[in-house]
Amino acid sequence: MSNILDAIRIFLVNLHPLWVYLFLSIAGLFVYWRGCTETRKDRSSIFDTFIISIVLGLLMGRVSFLSINWSEYGRYAWYFLPYERYGNTIYMFRLLPWRLFRIWDGGLTIFVAMVSFILILTLLVLFSRKWKWYQLFFPIYFSMTSMLGLSFIYLGVIESYNAWIIRGLLLVFLPLIFWGISKILLSVIKNGVKRRKFLIYIGVLIVTLSTVYISYEYLSDSVSTFELVSVILLLLWTAVMDIYTFIEINKPNVEIEKVSSVRAVDIEINQPIRIKK
């Protein structure tokens, strides 16, 4: 068993960071897509909102990493070409500003990227797509926790740190726990409205507790200013979205038509009437 774990660790250590980011994104996309399809959302819109959010989120994670470690990057020279030639050897993206784009070196603040992702996706869902929030609340949140949990597992394996692996597994299993609860409620509560509300209440509780847990884990260790701000933003996001979810599911679902659906018929009074035999 130890040989298998060592082989996995060696494989992950030698794995290119771009493959890691790609795997995390695919896992998050699957969770988000699976939750959105339950509400019959358009597939192209699902992919568009996720891809835009994850790209911008990774960009924010990269910017925060560069800001934190600027003393390391600031010692490099600036050069207007993206490559250097020494004899027959060419070196790519070694100098500034091109070195800033070397995300494949693993330079990324993953927590900042995930919080940025969830904030951007929320804005797209509410203001661009104008979808009902209670339907997208949990797919958005659980896609983020899935990616964050997998990153914890990855870091725990390559650093041989079992605590991070356990933390990652807890976050990865959150969507499965929520899905299992939904299936149990489906068989226990027959009333669709009551079942939906009860499931949302449980989901909000899971989101709140897991957010507190994630924040505690980060704040219990030394964190950068960017990570501290991200923790505060995640806590605020959870509180605001919890309240908004309760408001949305409890408001009357009644719409009054401003225009009558009955078509008016104009009749001329002096028009002669013909009787067909």
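Observations
- Cα gyration tensor shape of region 1-54, rounded if a/c is under 1.5, else prolate or oblate by comparing a/b with b/c: oblate
- Per residue of the chain, the DSSP helices (runs of n ≥ 4 H) give a summed -39500 (n - 2.57) that works out to -22500 deg cm²/dmol at 222 nm.
- Between Lys194 and Ile68, the contour length at 0.36 nm per residue exceeds the Cα-Cα span by 40.5 nm.
- Region 180-245 and region 42-59: distance between their alpha carbon centers, rounded to Å: 21 Å
- Protection proxy ranking, highest mean first, for peptides 83-91, 112-120, 4-12, 168-176: 112-120, 168-176, 4-12, 83-91, where packing is the per-residue count of other beta-carbon atoms within 10 Å, averaged.
- Beyond 19 Å, the tail of the calculated P(r) for region 87-189 holds 63 percent of the Cα pairs.
- Diffusion constant of the chain at 4 °C, which comes from Stokes-Einstein with the Kirkwood Cα-pair radius and 1.567 mPa s, µm²/s: 59 µm²/s
- Only one residue of Ile153, Phe198, Ile118 has its Cα farthest out toward the positive end of the dipole of region 81-200, where Lys and Arg carry +1 and Asp and Glu -1 on Cβ, and that residue is Phe198.
- When Rg and Dmax are taken over the Cα atoms of region 1-158, they come to 18.8, 61 Å.
Bear in mind these aren't lab numbers, they're just calculated from the coordinates by the rules spelled out. In this text the structure is predicted, and so the values were computed from the model without any measurement. When we count neighbours, we look across all protein chains shown, and the Cβ atoms used for this are built from the backbone with ideal geometry, even at glycine.
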